[in-house]
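The structure under discussion appears below in the form of structure tokens.
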């Protein structure tokens, strides 16, 4: 049997701990090398956490022992649509902040691209789920 996270409490714990891990990794990378390294480390950790979460989380009605198709990121389309909207808003907010950050503006581009890429993945998942359900 594969390990799955099915309870809301388990999912919240995963997200909170993941956020702390990503921020800690970013700070360590920034202090050890440079802000650019911190952003790259943060981005890699976030992508890994999202990927692992989509493989580990299971929603109500999903087979906890089965595998999800690689494109499927959520149990239901609504969850993916909500996450995509939040990621698009995060990208917009980051882009607005980048306008006033002359020296670090290129780092903001990485964050915007990451947010939009994840938003696209969640949107694709939700559109495909809506067609199949």
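The values are calculated or read from the model by the stated rules, or taken from the named source; none is laboratory data. The structure presented is a predicted model; accordingly, all values stated were derived computationally and were not measured. Cβ: placed from backbone, ideal geometry, glycine included. Neighbour counts: every protein chain shown.
Quick look at the values:
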{"quantity": "Odd one out for residue 63 among (1) part of a helix (DSSP H, G or I); (2) assigned by TED's automatic domain parsing to the domain that holds residue 24; (3) without any contact (Cβ under 8 Å) to a residue 12 or more places away in the chain", "calculated": "(1)"}
{"quantity": "Lone unmet requirement of (1) more than 29 Å from residue 7 (Cα to Cα); (2) modelled with pLDDT under 95; (3) not assigned by TED's automatic domain parsing to the domain that holds residue 7 for residue 133", "calculated": "(1)"}
{"quantity": "Condition broken by residue 105, with the remaining ones in (1) more than 28 Å from residue 8 (Cα to Cα); (2) assigned by TED's automatic domain parsing to the domain that holds residue 18; (3) touching a helix residue (DSSP H, G or I) at 6+ places or on another chain (Cβ under 8 Å) satisfied", "calculated": "(2)"}
{"quantity": "Residue 85 vs. criteria surrounded by fewer than 17 Cβ atoms within 10 Å (Cβ to Cβ), closer than 19 Å to residue 15 by Cα and out of contact with any helix residue (DSSP H, G or I) (no Cβ under 6 Å at 6 or more places or on another chain)", "calculated": "yes"}
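Conditions (1) touching a strand residue (DSSP E or B) at 6+ places or on another chain (Cβ under 6 Å); (2) closer than 26 Å to residue 7 by Cα; (3) crowded, with 17+ Cβ neighbours inside 10 Å; (4) at pLDDT 95 or above, marked per residue:
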site: 39; (1), (2), (3), (4): no, no, yes, no
site: 48; (1), (2), (3), (4): no, yes, no, yes
site: 89; (1), (2), (3), (4): no, no, no, yes
site: 99; (1), (2), (3), (4): no, no, no, no
site: 118; (1), (2), (3), (4): no, yes, yes, yes
